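All remarks here apply to the structure that follows.
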There are 2 protein chains.
Amino acid sequence: MALGKDYATQECSIASALEVIGERWTLLVIRDAFYGVRRYNDFLVHLGIPRAVLAARLQTLTAQGILEKRRYQESPPRDEYVLTDRGIALWPTLWALGLWGREHLTGVRLRAFRHADCGTDLGRYGECPACGTVVPVPDVEVVPGPGLNQEPADPVSRALLRPKRLLQPVEVDPV
Amino acid sequence: MALGKDYATQECSIASALEVIGERWTLLVIRDAFYGVRRYNDFLVHLGIPRAVLAARLQTLTAQGILEKRRYQESPPRDEYVLTDRGIALWPTLWALGLWGREHLTGVRLRAFRHADCGTDLGRYGECPACGTVVPVPDVEVVPGPGLNQEPADPVSRALLRPKRLLQPVEVDPV
DNA sequence: CCAAGTTGGTTCAATGACCGAACCGAGGCT
DNA sequence: AGCCTCGGTTCGGTCATTGAACCAACTTGG
(Lines give C-alpha, C1' and ligand atoms only; values in the text may rest on other atoms or scores of the structure.)
Protein backbone atom coordinates (compact mmCIF):
# COMPACT_ATOMS: atom_id res chain seq x y z
CA MET A 1 0.00 0.00 0.00
CA ALA A 2 2.77 2.39 0.82
CA LEU A 3 0.33 3.70 3.32
CA GLY A 4 2.55 6.11 5.12
CA LYS A 5 1.85 8.79 2.61
CA ASP A 6 -1.56 9.65 3.97
CA TYR A 7 -2.12 7.55 7.04
CA ALA A 8 0.90 9.01 8.84
CA THR A 9 -0.82 12.34 9.26
CA GLN A 10 -3.72 10.79 11.09
CA GLU A 11 -2.73 11.18 14.72
CA CYS A 12 -4.54 8.02 15.59
CA SER A 13 -3.43 4.64 16.84
CA ILE A 14 -5.93 2.92 14.57
CA ALA A 15 -4.35 4.57 11.53
CA SER A 16 -0.88 3.60 12.76
CA ALA A 17 -2.00 0.03 13.23
CA LEU A 18 -3.48 -0.08 9.75
CA GLU A 19 -0.23 1.13 8.28
CA VAL A 20 1.40 -1.99 9.63
CA ILE A 21 -1.28 -4.64 9.25
CA GLY A 22 -3.75 -3.00 6.89
CA GLU A 23 -2.39 -4.25 3.61
CA ARG A 24 -4.12 -6.93 1.62
CA TRP A 25 -3.35 -10.45 2.87
CA THR A 26 -1.50 -9.29 5.95
CA LEU A 27 -4.16 -10.14 8.50
CA LEU A 28 -4.78 -13.49 6.86
CA VAL A 29 -1.10 -14.32 7.18
CA ILE A 30 -1.31 -13.43 10.85
CA ARG A 31 -4.47 -15.49 11.29
CA ASP A 32 -2.69 -18.47 9.78
CA ALA A 33 0.22 -17.89 12.12
CA PHE A 34 -2.21 -18.19 15.04
CA TYR A 35 -3.47 -21.41 13.50
CA GLY A 36 0.05 -22.78 13.63
CA VAL A 37 1.16 -22.21 10.06
CA ARG A 38 4.87 -21.38 10.10
CA ARG A 39 6.47 -22.18 6.78
CA TYR A 40 6.55 -20.25 3.54
CA ASN A 41 5.12 -23.09 1.53
CA ASP A 42 2.32 -23.76 3.99
CA PHE A 43 1.20 -20.14 3.93
CA LEU A 44 1.39 -20.32 0.16
CA VAL A 45 -0.86 -23.29 -0.41
CA HIS A 46 -3.25 -22.46 2.40
CA LEU A 47 -3.85 -18.86 1.43
CA GLY A 48 -3.50 -19.10 -2.33
CA ILE A 49 -1.47 -15.90 -2.19
CA PRO A 50 0.98 -14.90 -4.94
CA ARG A 51 4.52 -15.86 -4.01
CA ALA A 52 5.92 -12.37 -4.37
CA VAL A 53 3.23 -10.89 -2.15
CA LEU A 54 3.79 -13.52 0.52
CA ALA A 55 7.53 -12.86 0.53
CA ALA A 56 6.89 -9.13 0.85
CA ARG A 57 4.38 -9.56 3.69
CA LEU A 58 6.61 -11.91 5.64
CA GLN A 59 9.43 -9.46 5.31
CA THR A 60 7.49 -6.43 6.54
CA LEU A 61 5.88 -8.40 9.35
CA THR A 62 9.31 -9.56 10.41
CA ALA A 63 10.69 -6.04 10.15
CA GLN A 64 7.80 -4.79 12.29
CA GLY A 65 8.49 -7.35 14.97
CA ILE A 66 5.19 -9.15 14.52
CA LEU A 67 6.73 -12.32 13.17
CA GLU A 68 10.13 -13.72 13.94
CA LYS A 69 12.16 -15.61 11.37
CA ARG A 70 13.76 -18.53 13.07
CA ARG A 71 16.12 -21.18 11.76
CA TYR A 72 14.76 -24.59 12.62
CA GLN A 73 17.17 -26.79 10.72
CA GLU A 74 20.64 -26.26 9.36
CA SER A 75 20.89 -28.58 6.43
CA PRO A 76 19.27 -27.63 4.24
CA PRO A 77 18.86 -24.25 5.93
CA ARG A 78 15.19 -23.73 6.66
CA ASP A 79 13.44 -20.93 8.49
CA GLU A 80 10.02 -20.68 10.02
CA TYR A 81 8.00 -17.62 10.88
CA VAL A 82 6.49 -17.46 14.36
CA LEU A 83 4.43 -14.81 16.08
CA THR A 84 6.24 -12.60 18.56
CA ASP A 85 4.58 -11.17 21.66
CA ARG A 86 3.64 -8.17 19.60
CA GLY A 87 2.01 -10.45 17.07
CA ILE A 88 0.21 -12.47 19.71
CA ALA A 89 -1.16 -9.22 21.09
CA LEU A 90 -3.21 -8.94 17.90
CA TRP A 91 -5.42 -11.82 18.99
CA PRO A 92 -8.18 -9.67 20.50
CA THR A 93 -8.42 -7.76 17.24
CA LEU A 94 -8.66 -10.90 15.18
CA TRP A 95 -11.16 -12.37 17.59
CA ALA A 96 -13.37 -9.29 17.44
CA LEU A 97 -13.16 -9.20 13.67
CA GLY A 98 -14.04 -12.86 13.35
CA LEU A 99 -16.94 -12.50 15.74
CA TRP A 100 -18.31 -9.62 13.71
CA GLY A 101 -17.92 -11.53 10.48
CA ARG A 102 -19.68 -14.54 11.90
CA GLU A 103 -22.56 -12.58 13.38
CA HIS A 104 -23.10 -10.14 10.56
CA LEU A 105 -21.91 -11.85 7.40
CA THR A 106 -21.50 -15.59 7.33
CA GLY A 107 -23.95 -16.46 10.07
CA VAL A 108 -22.35 -19.88 10.46
CA ARG A 109 -19.94 -20.99 13.11
CA LEU A 110 -17.20 -22.82 11.27
CA ARG A 111 -14.92 -23.40 14.22
CA ALA A 112 -15.36 -23.43 17.96
CA PHE A 113 -12.83 -21.74 20.21
CA ARG A 114 -12.63 -23.17 23.68
CA HIS A 115 -10.74 -22.75 26.89
CA ALA A 116 -8.51 -25.83 26.77
CA ASP A 117 -8.50 -26.21 30.55
CA CYS A 118 -12.26 -26.60 30.88
CA GLY A 119 -13.68 -26.99 27.37
CA THR A 120 -15.96 -23.95 27.64
CA ASP A 121 -16.60 -21.88 24.52
CA LEU A 122 -15.02 -18.47 24.73
CA GLY A 123 -17.24 -15.46 25.38
CA ARG A 124 -17.50 -12.30 23.30
CA TYR A 125 -14.26 -10.84 24.53
CA GLY A 126 -12.25 -14.02 24.41
CA GLU A 127 -12.78 -14.71 28.09
CA CYS A 128 -13.81 -18.03 29.58
CA PRO A 129 -17.34 -17.61 30.97
CA ALA A 130 -16.84 -20.56 33.29
CA CYS A 131 -13.51 -19.56 34.79
CA GLY A 132 -14.21 -15.86 34.56
CA THR A 133 -10.73 -15.12 33.28
CA VAL A 134 -9.20 -13.96 30.03
CA VAL A 135 -7.85 -17.04 28.30
CA PRO A 136 -4.18 -16.80 27.29
CA VAL A 137 -3.75 -17.42 23.58
CA PRO A 138 -1.85 -20.73 23.95
CA ASP A 139 -4.73 -22.07 26.05
CA VAL A 140 -7.30 -21.55 23.31
CA GLU A 141 -8.32 -24.75 21.60
CA VAL A 142 -9.64 -24.59 18.05
CA VAL A 143 -12.22 -27.22 17.21
CA PRO A 144 -13.17 -27.31 13.52
CA GLY A 145 -16.91 -27.67 13.01
CA PRO A 146 -19.00 -29.67 10.56
CA GLY A 147 -19.56 -26.63 8.35
CA LEU A 148 -16.03 -26.90 7.04
CA ASN A 149 -15.16 -28.74 3.87
CA GLN A 150 -14.02 -32.14 5.11
CA GLU A 151 -11.93 -32.98 2.05
CA PRO A 152 -9.99 -29.85 1.23
CA ALA A 153 -7.50 -29.97 -1.61
CA ASP A 154 -4.49 -28.55 0.18
CA PRO A 155 -2.67 -30.46 2.91
CA VAL A 156 -2.57 -27.51 5.29
CA SER A 157 -6.34 -27.21 5.37
CA ARG A 158 -6.50 -30.94 5.93
CA ALA A 159 -4.09 -30.73 8.83
CA LEU A 160 -6.16 -27.93 10.33
CA LEU A 161 -9.23 -30.18 10.51
CA ARG A 162 -7.82 -31.73 13.65
CA PRO A 163 -8.49 -29.87 16.90
CA LYS A 164 -5.44 -28.10 18.20
CA ARG A 165 -4.38 -25.15 20.27
CA LEU A 166 -3.56 -21.76 18.85
CA LEU A 167 0.13 -21.25 18.04
CA GLN A 168 0.79 -24.97 18.19
CA PRO A 169 2.54 -25.81 14.89
CA VAL A 170 0.45 -27.62 12.27
CA GLU A 171 1.62 -31.02 11.28
CA VAL A 172 1.24 -31.25 7.56
CA ASP A 173 1.28 -34.80 6.24
CA PRO A 174 3.75 -35.25 3.43
CA VAL A 175 1.83 -36.54 0.42
CA MET B 1 -9.61 -4.70 -3.77
CA ALA B 2 -12.09 -6.93 -5.49
CA LEU B 3 -11.15 -9.32 -2.79
CA GLY B 4 -13.69 -11.97 -3.48
CA LYS B 5 -11.47 -13.67 -5.97
CA ASP B 6 -9.31 -15.37 -3.40
CA TYR B 7 -10.75 -14.51 -0.03
CA ALA B 8 -14.07 -16.18 -0.81
CA THR B 9 -12.51 -19.62 -0.73
CA GLN B 10 -11.27 -19.11 2.78
CA GLU B 11 -14.06 -20.65 4.87
CA CYS B 12 -13.36 -18.19 7.63
CA SER B 13 -15.32 -15.38 9.14
CA ILE B 14 -12.19 -13.25 9.38
CA ALA B 15 -11.69 -13.54 5.64
CA SER B 16 -15.33 -12.69 5.02
CA ALA B 17 -15.05 -9.67 7.24
CA LEU B 18 -11.93 -8.50 5.45
CA GLU B 19 -13.70 -8.75 2.12
CA VAL B 20 -16.13 -6.16 3.36
CA ILE B 21 -14.00 -3.84 5.46
CA GLY B 22 -10.46 -4.79 4.45
CA GLU B 23 -9.95 -2.36 1.63
CA ARG B 24 -7.73 0.63 1.99
CA TRP B 25 -9.41 3.58 3.76
CA THR B 26 -12.52 1.62 4.69
CA LEU B 27 -11.76 1.20 8.36
CA LEU B 28 -10.73 4.82 8.67
CA VAL B 29 -14.04 5.89 7.20
CA ILE B 30 -15.78 3.76 9.79
CA ARG B 31 -13.61 5.16 12.56
CA ASP B 32 -14.60 8.66 11.50
CA ALA B 33 -18.23 7.63 11.51
CA PHE B 34 -17.84 6.61 15.15
CA TYR B 35 -16.30 10.01 15.81
CA GLY B 36 -19.45 11.62 14.46
CA VAL B 37 -18.37 12.47 10.94
CA ARG B 38 -21.37 12.08 8.65
CA ARG B 39 -20.98 14.18 5.54
CA TYR B 40 -19.08 13.55 2.35
CA ASN B 41 -17.10 16.72 2.61
CA ASP B 42 -16.19 16.17 6.23
CA PHE B 43 -14.82 12.72 5.53
CA LEU B 44 -12.95 14.21 2.62
CA VAL B 45 -11.11 16.94 4.47
CA HIS B 46 -10.55 14.93 7.62
CA LEU B 47 -9.13 11.85 5.93
CA GLY B 48 -7.40 13.43 2.95
CA ILE B 49 -8.81 10.63 0.85
CA PRO B 50 -9.23 10.94 -2.93
CA ARG B 51 -12.79 11.89 -3.82
CA ALA B 52 -13.36 8.93 -6.10
CA VAL B 53 -12.20 6.48 -3.46
CA LEU B 54 -14.40 8.04 -0.82
CA ALA B 55 -17.42 7.82 -3.09
CA ALA B 56 -16.67 4.18 -3.82
CA ARG B 57 -16.18 3.31 -0.15
CA LEU B 58 -19.34 5.05 0.96
CA GLN B 59 -21.24 3.19 -1.68
CA THR B 60 -19.98 -0.28 -0.77
CA LEU B 61 -20.38 0.40 2.94
CA THR B 62 -23.94 1.48 2.29
CA ALA B 63 -24.57 -1.56 0.11
CA GLN B 64 -23.19 -3.79 2.87
CA GLY B 65 -25.51 -2.25 5.42
CA ILE B 66 -22.72 -0.80 7.52
CA LEU B 67 -23.60 2.80 6.77
CA GLU B 68 -27.00 4.18 5.99
CA LYS B 69 -27.48 7.07 3.59
CA ARG B 70 -30.05 9.34 5.05
CA ARG B 71 -31.58 12.52 3.67
CA TYR B 72 -31.33 15.25 6.25
CA GLN B 73 -32.55 18.19 4.25
CA GLU B 74 -34.59 18.51 1.10
CA SER B 75 -33.49 21.72 -0.43
CA PRO B 76 -30.82 21.46 -1.48
CA PRO B 77 -31.01 17.69 -1.18
CA ARG B 78 -28.32 16.57 1.22
CA ASP B 79 -27.55 13.15 2.58
CA GLU B 80 -25.53 12.01 5.53
CA TYR B 81 -23.98 8.65 6.21
CA VAL B 82 -24.62 7.12 9.62
CA LEU B 83 -23.56 3.83 11.12
CA THR B 84 -26.17 1.11 11.24
CA ASP B 85 -26.33 -1.49 14.00
CA ARG B 86 -24.11 -3.68 11.88
CA GLY B 87 -21.62 -0.84 11.66
CA ILE B 88 -21.79 -0.08 15.37
CA ALA B 89 -21.04 -3.74 16.01
CA LEU B 90 -17.57 -3.09 14.62
CA TRP B 91 -16.65 -1.05 17.67
CA PRO B 92 -14.94 -3.88 19.57
CA THR B 93 -12.75 -4.53 16.54
CA LEU B 94 -11.77 -0.90 16.22
CA TRP B 95 -11.17 -0.67 19.93
CA ALA B 96 -8.92 -3.73 19.94
CA LEU B 97 -7.02 -2.46 16.93
CA GLY B 98 -6.54 0.97 18.47
CA LEU B 99 -5.37 -0.53 21.73
CA TRP B 100 -2.81 -2.65 19.90
CA GLY B 101 -1.59 0.33 17.91
CA ARG B 102 -1.22 2.42 21.02
CA GLU B 103 0.59 -0.23 23.03
CA HIS B 104 2.83 -1.57 20.30
CA LEU B 105 3.38 1.25 17.85
CA THR B 106 2.67 4.81 18.89
CA GLY B 107 3.10 4.39 22.63
CA VAL B 108 1.20 7.60 23.24
CA ARG B 109 -2.37 7.97 24.33
CA LEU B 110 -3.85 10.62 22.10
CA ARG B 111 -7.41 10.36 23.31
CA ALA B 112 -9.09 9.02 26.41
CA PHE B 113 -12.24 6.93 26.13
CA ARG B 114 -14.46 7.05 29.17
CA HIS B 115 -17.73 5.76 30.42
CA ALA B 116 -19.85 8.91 30.18
CA ASP B 117 -21.96 7.92 33.21
CA CYS B 118 -19.07 7.75 35.65
CA GLY B 119 -16.01 9.18 33.87
CA THR B 120 -13.93 6.03 34.26
CA ASP B 121 -11.46 5.13 31.54
CA LEU B 122 -12.52 2.06 29.60
CA GLY B 123 -10.71 -1.21 30.25
CA ARG B 124 -9.00 -3.43 27.71
CA TYR B 125 -12.21 -4.86 26.35
CA GLY B 126 -14.15 -1.65 26.29
CA GLU B 127 -15.79 -2.35 29.61
CA CYS B 128 -16.13 0.08 32.47
CA PRO B 129 -13.91 -1.18 35.32
CA ALA B 130 -15.92 0.79 37.86
CA CYS B 131 -19.39 -0.30 36.80
CA GLY B 132 -18.27 -3.74 35.71
CA THR B 133 -20.40 -3.59 32.58
CA VAL B 134 -19.76 -3.35 28.87
CA VAL B 135 -20.28 0.26 27.91
CA PRO B 136 -22.74 0.80 25.05
CA VAL B 137 -21.15 2.72 22.21
CA PRO B 138 -23.29 5.87 22.62
CA ASP B 139 -22.18 6.06 26.26
CA VAL B 140 -18.49 6.26 25.39
CA GLU B 141 -17.06 9.73 25.79
CA VAL B 142 -14.01 10.68 23.75
CA VAL B 143 -11.69 13.16 25.43
CA PRO B 144 -8.89 14.43 23.20
CA GLY B 145 -5.57 14.54 24.96
CA PRO B 146 -2.70 17.03 24.94
CA GLY B 147 -0.69 14.92 22.51
CA LEU B 148 -2.93 16.01 19.66
CA ASN B 149 -2.13 18.93 17.45
CA GLN B 150 -4.12 21.78 18.96
CA GLU B 151 -4.27 23.85 15.78
CA PRO B 152 -5.12 21.44 13.00
CA ALA B 153 -5.66 22.82 9.53
CA ASP B 154 -8.97 21.21 8.74
CA PRO B 155 -12.16 22.24 10.51
CA VAL B 156 -13.23 18.66 11.22
CA SER B 157 -10.11 17.94 13.24
CA ARG B 158 -10.68 21.18 15.06
CA ALA B 159 -14.25 20.23 15.87
CA LEU B 160 -13.04 16.89 17.16
CA LEU B 161 -10.83 18.57 19.75
CA ARG B 162 -13.89 19.06 21.93
CA PRO B 163 -14.91 16.12 24.12
CA LYS B 164 -17.96 14.35 22.81
CA ARG B 165 -19.65 11.00 22.76
CA LEU B 166 -19.18 8.43 20.04
CA LEU B 167 -21.75 8.66 17.22
CA GLN B 168 -22.79 12.13 18.29
CA PRO B 169 -22.53 14.27 15.14
CA VAL B 170 -19.57 16.64 14.91
CA GLU B 171 -20.36 20.28 14.72
CA VAL B 172 -18.06 21.77 12.16
CA ASP B 173 -17.73 25.53 12.37
CA PRO B 174 -18.26 27.19 9.03
CA VAL B 175 -15.16 29.25 8.25
C1' DC C 1 -31.61 38.39 -12.32
C1' DC C 2 -26.70 37.01 -12.59
C1' DA C 3 -22.25 35.55 -10.54
C1' DA C 4 -19.97 33.05 -7.29
C1' DG C 5 -19.86 29.54 -3.75
C1' DT C 6 -21.08 25.05 -1.57
C1' DT C 7 -21.95 20.22 -1.78
C1' DG C 8 -21.44 15.86 -3.69
C1' DG C 9 -20.10 13.79 -6.82
C1' DT C 10 -17.83 11.74 -11.99
C1' DT C 11 -14.05 11.40 -15.37
C1' DC C 12 -9.44 10.99 -16.71
C1' DA C 13 -4.44 9.98 -17.23
C1' DA C 14 -0.56 8.46 -14.49
C1' DT C 15 1.23 5.77 -10.97
C1' DG C 16 1.58 1.97 -7.99
C1' DA C 17 0.11 -2.60 -6.20
C1' DC C 18 -1.14 -7.11 -7.19
C1' DC C 19 -1.47 -11.22 -10.07
C1' DG C 20 0.05 -15.67 -12.16
C1' DA C 21 3.52 -17.90 -14.42
C1' DA C 22 8.17 -18.68 -15.20
C1' DC C 23 12.61 -18.91 -13.56
C1' DC C 24 16.46 -19.68 -10.16
C1' DG C 25 19.73 -21.42 -6.54
C1' DA C 26 20.85 -24.15 -2.57
C1' DG C 27 20.65 -28.36 -0.90
C1' DG C 28 19.06 -33.36 -0.59
C1' DC C 29 17.75 -38.01 -2.48
C1' DT C 30 18.64 -42.12 -5.76
C1' DA D 1 24.06 -37.03 -12.94
C1' DG D 2 19.37 -36.06 -12.80
C1' DC D 3 15.38 -34.91 -10.37
C1' DC D 4 12.92 -33.15 -6.33
C1' DT D 5 11.77 -29.63 -2.53
C1' DC D 6 11.90 -25.27 -0.44
C1' DG D 7 12.06 -20.50 -0.58
C1' DG D 8 12.35 -17.28 -2.94
C1' DT D 9 13.05 -13.41 -7.37
C1' DT D 10 11.73 -11.61 -11.91
C1' DC D 11 8.59 -10.32 -15.32
C1' DG D 12 4.72 -8.68 -18.19
C1' DG D 13 -0.23 -7.79 -17.76
C1' DT D 14 -4.01 -6.17 -15.10
C1' DC D 15 -6.41 -3.84 -11.60
C1' DA D 16 -6.78 -0.23 -7.87
C1' DT D 17 -5.49 4.21 -6.22
C1' DT D 18 -4.23 8.92 -6.82
C1' DG D 19 -4.70 13.90 -7.71
C1' DA D 20 -6.49 17.09 -10.67
C1' DA D 21 -10.00 18.66 -13.47
C1' DC D 22 -14.66 18.87 -14.57
C1' DC D 23 -19.72 18.91 -13.68
C1' DA D 24 -24.59 19.57 -11.93
C1' DA D 25 -27.85 21.12 -8.52
C1' DC D 26 -28.90 24.40 -5.55
C1' DT D 27 -28.20 28.81 -2.56
C1' DT D 28 -26.64 33.18 -1.46
C1' DG D 29 -24.87 37.90 -2.25
C1' DG D 30 -25.18 41.95 -5.03
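The set of residues in segment A:150-167 that are surrounded by fewer than 13 Cβ atoms within 10 Å (Cβ to Cβ) and either within 16 Å of DNA strand D (Cβ to nearest atom) or within 25 Å of A:Thr120 (Cβ to Cβ) (or both) comprises A:Ala153, A:Arg162. Quick check on my filter: what residues within segment A:19-30 are free of Cβ contacts under 8 Å to residues at least 24 places away in the same chain and more than 12 Å from the chain's Cα centre (by Cα)? Answer for segment A:19-30, where residues must be free of Cβ contacts under 8 Å to residues at least 24 places away in the same chain and more than 12 Å from the chain's Cα centre (by Cα): A:Glu19, A:Gly22. The C-beta contact set for segment B:63-80 (first residue among the β-branched types (Val, Ile, Thr), second residue assigned to a strand (DSSP E or B) and away from DNA strand C (no atom under 13 Å from the Cβ), distance under 8 angstrom, 6+ apart or interchain) comprises B:Ile66/B:Leu83. Just one of the numbered conditions (1) within 10 Å of another protein chain (Cβ to nearest Cβ); (2) within 30 Å of A:Gly65 (Cβ to Cβ); (3) in a loop (DSSP other than H, G, I, E, B) is not true of B:Pro152: (2).
Only residues that are assigned to a strand (DSSP E or B) and over 21 Å from B:Leu18 (Cβ atoms) were counted across segment B:82-129, and they come to 9. Checking segment A:1-12 against the condition returns a match, with at least one residue being within 12 Å of DNA strand D (Cβ to nearest atom), within 12 Å of another protein chain (Cβ to nearest Cβ) and crowded, with 21+ Cβ neighbours inside 10 Å. Is there a residue in segment B:71-80 that is of a type outside the set (Ser, Thr, Tyr) and within 30 Å of A:Gln64 (Cβ to Cβ)? Scanning segment B:71-80 turns up no residue that is of a type outside the set (Ser, Thr, Tyr) and within 30 Å of A:Gln64 (Cβ to Cβ).
Screening segment B:106-133 for residues that are surrounded by 16 or more Cβ atoms within 10 Å (Cβ to Cβ) and within 9 Å of chain A (Cβ to nearest Cβ) and picking the one that is nearest to B:Lys164 (Cα to Cα) gives B:Arg111. Among residues of segment A:1-18 that are in a loop (DSSP other than H, G, I, E, B), those with a Cβ under 7 angstrom from a residue that is modelled with pLDDT of 55 or more and more than 16 Å from DNA strand C (Cβ to nearest atom), sequence gap 6+ or separate chain, pair up as A:Glu11/B:Leu110; A:Glu11/B:Leu148; A:Glu11/B:Asn149; A:Cys12/B:Leu110. For segment B:96-152, what are the residues that are polar (S, T, N, Q) and modelled with pLDDT under 95? B:Thr106, B:Thr133, B:Asn149, B:Gln150 - these are the residues of segment B:96-152 that are polar (S, T, N, Q) and modelled with pLDDT under 95. Every residue in segment A:39-74 that is in a loop (DSSP other than H, G, I, E, B) and either surrounded by fewer than 20 Cβ atoms within 10 Å (Cβ to Cβ) or more than 13 Å from the chain's Cα centre (by Cα) (or both), please. Selection gives A:Arg39, A:Gly48, A:Ile49, A:Pro50, A:Gln64, A:Gly65, A:Glu74. Evaluated against (1) assigned by TED's automatic domain parsing to the domain that holds B:Leu148; (2) in contact with an Asp or Glu (Cβ under 6 Å, 6 or more places away or on another chain), B:Thr84 falls short on exactly one condition, (1). A single member of B:Glu141, B:Glu103, B:Glu80 is of a type in the set (D, E, K, R) and either under 27 Å from A:Leu27 (Cα atoms) or within 14 Å of another protein chain (Cβ to nearest Cβ) (or both), and it is B:Glu103.
Only residues that are away from DNA strand C (no atom under 11 Å from the Cβ), without any contact (Cβ under 8 Å) to a residue 60 or more places away in the chain and within 14 Å of chain B (Cβ to nearest Cβ) were counted in segment A:34-59, giving 1.
The values are calculated or read from the model by the stated rules, or taken from the named source; none is laboratory data. These numbers come from a predicted model, not from an experiment. So basically every Cβ, Gly included, is an ideal-geometry build from the backbone, and we count neighbours across all protein chains shown.
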